[in-house]
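Student: One structure coming up, written as structure tokens, with questions to follow.
Read-outs: derived from the displayed coordinates by stated rules, not from any lab. Worth saying up front: this structure is predicted, and the values here are computed from it rather than measured. Cβ placement follows ideal geometry from the backbone for every residue including glycine, while neighbour counts extend to all protein chains displayed.
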Amino acid sequence: MHRFVLVARQAAARLCGPGGCRGGRTDMALRCAASLAAGRQPRGPRREGTVRWSSAAKASAVKINEKASREKILTLESMNPQVKAVEYAVRGPIVLKAGEIEKELRKGIKKPFTEVIKANIGDAHAMGQRPITFLRQVVALCTYPNLLDSPSFPEDAKKRARRILQGCGGNSLGSYTASQGINCIREDVASYIERRDGGVPADPDNIYLTTGASDGISAILKILISGGGKSRTGVMIPIPQYPLYSAAISELGAIQVNYYLDEENCWALNVNELRRALNEAKAYCNPKVLCIINPGNPTGQVQSRKCIEDVIHFAWEEKLFLLADEVYQDNVYSEGCQFHSFKKILYEMGPEYYNNVELASFHSTSKGYMGECGYRGGYMEVINLHPEIKGQLVKLLSVRLCPPVSGQAAMDIVVNPPVPGEESYAQFIKEKESVLNNLAKKAKLTEDMFNKIPGVHCNPLQGAMYAFPRIFIPSKAIEEAKAHKMAPDMFYCMKLLEETGICVVPGSGFGQREGTYHFRCQRLRHL
Amino acid sequence: MHRFVLVARQAAARLCGPGGCRGGRTDMALRCAASLAAGRQPRGPRREGTVRWSSAAKASAVKINEKASREKILTLESMNPQVKAVEYAVRGPIVLKAGEIEKELRKGIKKPFTEVIKANIGDAHAMGQRPITFLRQVVALCTYPNLLDSPSFPEDAKKRARRILQGCGGNSLGSYTASQGINCIREDVASYIERRDGGVPADPDNIYLTTGASDGISAILKILISGGGKSRTGVMIPIPQYPLYSAAISELGAIQVNYYLDEENCWALNVNELRRALNEAKAYCNPKVLCIINPGNPTGQVQSRKCIEDVIHFAWEEKLFLLADEVYQDNVYSEGCQFHSFKKILYEMGPEYYNNVELASFHSTSKGYMGECGYRGGYMEVINLHPEIKGQLVKLLSVRLCPPVSGQAAMDIVVNPPVPGEESYAQFIKEKESVLNNLAKKAKLTEDMFNKIPGVHCNPLQGAMYAFPRIFIPSKAIEEAKAHKMAPDMFYCMKLLEETGICVVPGSGFGQREGTYHFRLAFEMPSPGIKTIVIV
């Protein structure tokens, strides 16, 4: 069995109090529960961590004293309160702690493990997934065009590289591009969307290349937020959500409107719940944006065609601007599940819908089978955006000049990979299938594993890259957490990290129904 | 003489009315002035442009009618008013127009020129500058590590690539990095700063890698803005300024506080003017940030040591947070001018200053001699930032996950290029000097050229990549511009674009004293091998 499965199970068992345990490894669980109940200091690493922190704080305080420095201009009190309110758990305290532990390991400090497993973020390559050769070949050719003469690169890669370079000023990746992105890449994106959506037309003018999907989501949210007091824009987001949304909403001073996904029903989205959330929100804000994440992050569910139709009808009826975060469109594993784009369904619902519903959908180089997070490539497609707003959007995007050009090139290969008959096709398809099969296997393995652990329940993992299992934390551990001024799930995840070296993100970072606890764990660890 | 010199001079002469002209090409100038005065339609391209636009607008209106679509949710009225207030001239209407003209040229429509020269932005490679080979070799090696076995790449490039890859999760550029950037690259940045500043210590923990310098500037401004009404944060910026600043200030709903650079005195920064601006601003906001661009954009001046000392003392005295935009630190051309970093001078001023003044300074891969704009690499160094604010900054940066990793790799080579004794050193130094000499030559040429054109005055171009000449627009042309509902300098630049194909940005996009007109031109021009150059 996989090391991860083993340690995760051990850790979970260790943490699981008597109430939550239905057998197995009871002695360890009891030991752990007893230790929790007695309020004993956790083991080595934590204590040392604490000592290091306070001595560092002391040193810094002394330094400040020595300096006799006056009060800072920029302090927690004087800073932008909206930025202060931002939370971003995926890279929050637990990840900082993981970094500390890694440093300690490098210094030779003994731990119950030899390396930290960062399952806090969907970072495929960091977890051992290999890049798709063809993509890297094309980007390398664009980077160093001398290689176009090298016989060790295939012709189809060279052809794409030449085409991309022709779209660049001075044929160089080092030039700025149009703020909206390189023309020929936007054309390739449009063709991809048409193929994906069975011929529904896509217009390159509606495509905006972005710095990862995040950049597009932030930009469109930024444009959408207005009003004050009760007319301040409300943004409906799923709970659990990907915390980029809550962070952007905080930063923009918008109003977050939560709708809850149905955990009992495999995290499905229910339109009645959307309606409840909307109607309640109308009392204190002007809800005009509805965000959907499909396949779900962190929940991994894949929306049915029926569900998407209901959502689109709801958005049409209630005049909501739709944001469809579809970055996991290539990550669907469960049999009987299929990815349907919001745009495709919108068009199939007829002209009343496709002429009216304002929609922005997002994709990225970071997920799928490419997993090229570091390139920060992405695109946004907008439907029914007012022509004047398109101008405003380009203006806003132009302030950041352009998305990184190597990321644009990577995006091109995501939407324009080798096709049958091309030299690189065989290797490409082999690599692609290997990654996707591997991900599918791990989804099943992860789901099964969690459901075998006492006190843990995991819904079927239909898509995306995460598991978001529910954990049943015994009441004594909850009290213990409260004594440490930590949310119970944060306490659980900190323990898991300290005892097993596995770094996962507490459910509170994504949102969860009150009284329930979860964590998000990426399931990419290379087999 | 360079083709550009010729056409620019002709165009300027053409546009120059009798009042502004002191001889030369008078007939053309008169012809142009007469045409302006008579309110005649400009030549071909413009009319066609107008026709195309209105027919496009008609088509779109018809489409909307056909659709019988209801009112949009997101409109100019309902959108974020702060975003609506943002202006960004460097990529504004004149650049859109240039794009239209390029399309027309491709369709075979005849113009008085065969290509558009985009001098609106400092985009070195687009203007024909070649990338520095070593930088591209390292990034290519990182991109496709199979090349590490290739004998056609030098060992010093491989060594750097291996080191960068070791800093990446799974040894891949495709992994996310820490929000602050890859550790070993931040270490290289710190060493670079220490070398640059004659040993003043730099701490990698104070270095944040960014998505171009813009990302760092936006992030730090975002954190700094607070308060409402009269206690809303005021941000002091030079006029003329790089419009990223005014755009970010609009977007954040902060208060822009202008201090004017002294055009009569080679665009120098004068502390009395800073004080005037600050004191006036205190009546309506809480000015707590002072932005400096050195070398200047768009003005090209290089600040003296004395000037920087004065500014730092002023910031200390008035408790202002300093932002030093130093992306042109490698672009200093005039003899007797030298780049001094704010941080170095801060340290030389003694502990009362270096323990107190809060400073963020910015650098980038886009300028200097590398000119790698497309990689969106950059860094920010912070001094005296409150430890809690460092946490807030990392949190804020973490929402955008990380800067593009190939841009981080490019940044590494900017701060850690080949050194004497390394295999690639000779070629590197040759390429670097060729670029910098070329830029220095063009700076001089551009300055001289502008000062020969009647009705144009250009200050010495000491650094950076731009000229920001003053243009004296005759009153009739100003009226004509008003009739077209255009700022006079926008009108001038539109004419220049339509008649010569040269795309420059009107001074109003950067700010200028009322009643004066300028434009910004990036003086990096097409190089011999690629573009036609007419030697006269």
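Student: Can you give the direction-averaged projected area of the convex hull of the alpha-carbon atoms in chain B, in nm²?
Tutor: On the way: hull surface 113.3 nm².
With the hull built on Cα positions only, its mean projection is 28.3 nm².
Student: Put one equal scatterer on each alpha carbon of the range B:242-399, apply the Debye formula with no solvent term, and list log10 I(q)/I(0) at q = 0.11, 0.16 1/Å to two decimals.
Tutor: -0.47, -1.04
Student: May I ask what percent, to the nearest 5, of DSSP beta bridges between residues of chain A are antiparallel? Each step should come with its number before you reach the end.
Tutor: Numbers: 21 of 42 bridges.
Counting only bridges with both partners in chain A, antiparallel ones make up about 50 percent.
Student: Under Stokes-Einstein, with the Kirkwood radius over Cα pairs standing in for Rh, what whole-number D in µm²/s applies to the range B:133-424 at 20 °C and 1.002 mPa s?
Tutor: Numbers: Rh = 19.8 Å.
For these conditions, the coefficient is 108 µm²/s.
Student: Taking 8 Å as the Cα distance limit and 6 or more residues as the minimum spacing, I'd like the relative contact order of the range B:133-424 as a percentage.
Tutor: Details: 521 pairs, mean separation 70.6, N = 292.
That works out to 24 percent.
Student: Express in whole angstrom the spacing between the alpha-carbon centres of the range B:135-166 and the range B:360-427.
Tutor: Here the answer is 19 Å between Cα centres.
Student: Also: Which order, highest average first, do A:399-411, B:341-353 follow once you tally other Cβ atoms within 10 Å for each residue and take the mean per peptide?
Tutor: Numbers: A:399-411: 29.3, B:341-353: 18.8.
Ranking, from highest mean packing down: A:399-411, B:341-353.
Student: Moving on. Lysines within cross-link reach of residue B:110: Cα-Cα under 17 Å, excluding same-chain residues under 8 positions apart?
Tutor: Result set, ordered by chain and number: B:97, B:495.
Student: State the three equivalent ellipsoid semi-axes of the protein assembly as shown, derived from the C-alpha gyration tensor as the square roots of 5 times its eigenvalues, in descending order and whole Å.
Tutor: Working: eigenvalues 463, 228, 172 Å².
For the protein assembly as shown, the semi-axes come out at 48, 34, 29 Å.
Student: For each pair in A:343/B:72; A:306/A:390; A:222/B:84; A:222/B:395, compute the distance between the two Cα atoms and list the pairs where it is over 21 Å. Please report the intermediate quantities before stating the final value.
Tutor: Working: A:343/B:72 17 Å; A:306/A:390 31 Å; A:222/B:84 11 Å; A:222/B:395 19 Å.
Checking Cα-Cα distances, A:306/A:390 exceed 21 Å.
Student: Tell me, what is the percent relative contact order of chain A, built from C-alpha pairs under 8 Å that lie six or more residues apart? Don't skip to the answer; put the middle values down first.
Tutor: Numbers: 930 pairs, mean separation 120.0, N = 527.
Averaging sequence separation for qualifying contacts and normalising by length gives 23 percent for chain A.
Student: If I stretch the segment between residue A:388 and residue A:162 completely, what's the gain in nm (0.36 nm per residue apart, minus their alpha carbon distance), one decimal? Show your work: numbers first, answer last.
Tutor: Details: separation 226, 0.36 × 226 = 81.36 nm, distance 3.44 nm.
Result for the pair: 77.9 nm of gain on full extension.
Student: Peptides B:309-322, A:97-110, B:285-298: what's the order by average Cβ count within 10 Å, highest mean first? Walk me through the intermediate numbers first.
Tutor: Working: B:309-322: 19.3, A:97-110: 14.2, B:285-298: 25.1.
Listed from highest to lowest mean packing, they are B:285-298, B:309-322, A:97-110.
Student: Specify the angular offset, from 0 to 90 degrees and rounded to the nearest 10, of the alpha carbon long axis of helix B:183-196 from the longest principal axis of the alpha carbons in chain B.
Tutor: Long axis of B:183-196 versus the principal axis of chain B: about 80 degrees.
Student: If you stretched the chain out fully between residue A:338 and residue A:419, how much longer would it get, using 0.36 nm times the residue separation minus the C-alpha to C-alpha distance?
Tutor: On the way: separation 81, 0.36 × 81 = 29.16 nm, distance 2.21 nm.
The span from residue A:338 to residue A:419 would gain 26.9 nm if fully extended.
Student: Let me ask something else. Quickly rank A:276-283, A:486-493, B:460-467 as a protection proxy: mean count of other C-beta atoms within 10 Å, highest first.
Tutor: Working: A:276-283: 14.5, A:486-493: 22.8, B:460-467: 27.1.
Peptide ranking by packing, descending: B:460-467, A:486-493, A:276-283.
Student: Give me the number: length gained by fully extending residue A:319 to residue A:148, i.e. 0.36 nm times residue separation minus the C-alpha to C-alpha distance, one decimal in nm. Kindly include the intermediate steps, with their values, before the conclusion.
Tutor: On the way: separation 171, 0.36 × 171 = 61.56 nm, distance 5.13 nm.
Between residue A:319 and residue A:148, full extension yields an extra 56.4 nm.
Student: Which whole number gives the average count of other chain Cβ atoms within 10 Å of the Cβ atoms across peptide A:88-98?
Tutor: Values: counts 9, 1, 4, 10, 2, 2, 0, 3, 3, 0, 0.
Taking the mean over all residues of the peptide, I get 3.
Student: If you place +1 on the Cβ of every Lys and Arg, -1 on the Cβ of every Asp and Glu, and leave all else neutral, what size is the dipole of the range B:133-424 about its Cα centre, to the nearest 20 Debye?
Tutor: On the way: 26 positive and 33 negative charges, 168 e Å.
Once rounded to the nearest 20, the dipole reads 800 debye.
Student: Would you list which lysines come within 23 Å of residue B:432, measuring only between C-alpha atoms, while excluding same-chain residues fewer than 8 positions from it?
Tutor: Reachable lysines: B:158, B:159, B:367, B:441, B:442, B:444, B:531.
Student: Run down the aspartates and glutamates and flag those whose C-alpha is under 15 Å from the C-alpha of residue A:430, throwing out any fewer than 8 positions away in its chain.
Tutor: Those aspartates and glutamates meeting the cut-off are A:422.
Student: If you take each beta carbon of peptide A:130-136 and count the beta carbons of other chains within 10 angstrom, what is the mean? The partial results should precede the final answer.
Tutor: Numbers: counts 3, 8, 1, 2, 0, 3, 10.
Counting other chains' Cβ atoms within 10 Å and averaging over A:130-136 gives 4.
Student: Roughly what would the spin-label model give for residue B:282 and residue B:87, points 7 Å off Cα along C-beta, in nm?
Tutor: Distance between the two pseudo-spin positions: 2.9 nm.
Student: Using alpha-carbon positions, what is the distance between the centroids of the range B:198-267 and the range B:295-321, in Å?
Tutor: 13
Student: How well do other chains shield peptide A:355-366, expressed as the mean number of their Cβ atoms within 10 Å of each residue Cβ? Present the calculation step by step, with values, prior to reporting the outcome.
Tutor: Working: counts 7, 7, 2, 4, 0, 1, 0, 0, 0, 0, 1, 3.
Counting other chains' Cβ atoms within 10 Å and averaging over A:355-366 gives 2.
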